[in-house]
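Just below is one structure, and these are the notes that go with it.
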Amino acid sequence: MSEATKNFQVVIRPQGWAFSAAAGQTLLDAARTAGIIMPSSCRNGTCRSCMCFLLKGDVQYQIEWPGLSREEKAEGYILPCVASAESDLELDVSRATRA
């Protein structure tokens, strides 16, 4: 399977909802496709309204430096509007809702 077609399982906590995210697809877009609405506004990594906590897994950013401090990144915070999965993930997104 090529990297472009690889899919990863993403679980939203505490709700336990799961969806599939293709490699290179933003987590925000993948969630919306699955009917899960995560908080967002700018969708380009600057407003931070989508910021959530990465419980498990690895992400890759589509921009060079997303709007997170080094400390926030080290603590495990991510911006799903500009992040894509590199492995199966668990995210803490308590404000997520169903469409």
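The values are calculated or read from the model by the stated rules, or taken from the named source; none is laboratory data. No experiment lies behind these values; they were computed from the predicted model shown. A quick note on method: Cβ atoms are made from the backbone with ideal geometry, for glycine too, and the neighbour counts reach across all protein chains shown. Ligands, DNA and RNA are stripped out before the accessible areas are found, and what is left, the full protein with its side chains, is counted by its heavy atoms. Shrake-Rupley method; radii C 1.70, N 1.55, O 1.52, S 1.80 Å.
Quick notes on this one:
- For segment 27-43, the set of residues classified as open to solvent by less than 80 Å² (accessible area, probe 1.4 Å) and over 21 Å from residue 75 (Cα atoms) consists of 29, 30, 31, 34, 35, 36, 37, 42, listed by residue number.
- Within segment 44-81, the set of residues being of a type in the set (S, T, N, Q) and open to solvent by 60 Å² or more (accessible area, probe 1.4 Å) comprises 44, 46, 60, 62.
- Filter pass, residue 95 being surrounded by 15 or more Cβ atoms within 10 Å (Cβ to Cβ) and out of contact with any strand residue (DSSP E or B) (no Cβ under 7 Å at 6 or more places or on another chain): no
- In segment 2-26, the residues that are polar (S, T, N, Q), part of a strand (DSSP E or B) and either open to solvent by 60 Å² or more (accessible area, probe 1.4 Å) or out of contact with any strand residue (DSSP E or B) (no Cβ under 8 Å at 6 or more places or on another chain) (or both): 7, 9, 20
- Filter pass, residue 84 being in a strand (DSSP E or B) and either open to solvent by 30 Å² or more (accessible area, probe 1.4 Å) or in contact (Cβ under 8 Å) with a residue 60 or more places away in the chain (or both): yes
- Filter result for residue 96 (of a type outside the set (Val, Ile, Thr) and under 11 Å from the mean Cα position of the chain (by Cα)): no
- Close pairs (6 angstrom Cβ cut-off, 6 or more residues apart or separate chains): touching a residue at least 12 places away in the same chain (Cβ under 8 Å) and more than 15 Å from residue 58 (Cα to Cα) in segment 20-39, among the small types (Gly, Ala, Ser) and assigned to a helix (DSSP H, G or I) anywhere: 38/31
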